[in-house]
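The values are calculated or read from the model by the stated rules, or taken from the named source; none is laboratory data. Quick caveat: nothing in here was measured; it's all calculated off a predicted structure. Because the Cβ atoms are built from the backbone with ideal geometry, glycine has one as well, and the counts that use them run over all protein chains shown.
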Amino acid sequence: MAEMSREIIEERVVESYVALCKGFGLPISVVQEYRPEGEIHWLEEGALGWTVGLNTAHIPPQEGEAFLAYNVRKVLLPRLVLRTPRLVVRRVAQEDGEGLLPILSDPVGCDLDCCAPCRGEAFWELFQLFCQQETRYVLVEQAGGRVVGTLHLTPDPTRAVEAMELGYAIAPAHRRQGYAQEALEGVGALLQGKLGMELLTAGVLPENHPSARLLEKLGFSPEGVRRKAAWHEGRGQAVDLVYYILERT
């Protein structure tokens, strides 16, 4: 019977994740059960919040926290509302259309983001796609409520560890005010400091020197050039990207 209730994650670790989610208004509970015939892990939403289930019959003790962190990310990231000194980072919502138009229609910014500037029907189609993406965020000024930029996270399945690729764009009128650095610092600290993300990556065009300098300032290291890494919608061709990485310490 003792084996049937075996726990692989210390109570203090579980409590830290529960407290983290509570701080974002997202109550969770963690269940560790020994089920030889059951699924490895599961996530259930109920009236009182989410339940993270971990099957200790199949998860090695040294991997328990990684499974817990993975499920907590699935709860938290699509519902993220993160406050930094000047910004609120939250998921794109229907009311953000006008705020995103200056970003998605800017020729210079779109070129550096490997996309084509869009307006009219094309913009609204892209905007609706953004609203559906669970880890596509807007950066909103706390003081004035203006949208000053976007940030998105994409899982990187090419890595042997848990990894996410970061992307961001700042509206032309709000560049060179430190918003990108502030948002990336806040999101990066959450992902790697509290949510167990082993690796953060970012790809930039070779000529995008400001982004390269910002990533290096944030502690990212240049990894190298990936040939034909992305399709550039605006240029109509595949382009090389310089990749930067930040490992969890």
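A few remarks follow.
- Segment 198-211, residues that are touching a residue at least 60 places away in the same chain (Cβ under 8 Å) and either part of a helix (DSSP H, G or I) or assigned by TED's automatic domain parsing to the domain that holds A66 (or both): S211
- Selected residue (criterion: nearest to A238 (Cα to Cα)) from residues of segment 113-138 that are aliphatic (A, V, I, L, M) and within 20 Å of the chain's Cα centre (by Cα): L126
- Residues in segment 230-249 that are within 29 Å of L76 (Cα to Cα), buried (at least 17 other Cβ atoms within 10 Å of the Cβ) and in contact with a Leu (Cβ under 9 Å, 6 or more places away or on another chain): Y244, I245, L246.
- Helices (runs of 4 or more DSSP H) enclosed by segment 60-132 - at least 1 residues per element that are of a type in the set (G, A, S) and touching a residue at least 24 places away in the same chain (Cβ under 8 Å): 64-76, 97-104, 107-112
Rundown of residues vs (1) assigned to a strand (DSSP E or B); (2) surrounded by fewer than 19 Cβ atoms within 10 Å (Cβ to Cβ); (3) among the basic types (K, R); (4) in contact (Cβ under 8 Å) with a residue 12 or more places away in the chain, yes/no style:
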residue	(1), (2), (3), (4)
A180	no, no, no, yes
L184	no, no, no, yes
V187	no, no, no, yes
G196	no, yes, no, yes
R213	no, yes, yes, no
G219	no, yes, no, yes
P222	yes, yes, no, yes
K228	yes, yes, yes, yes
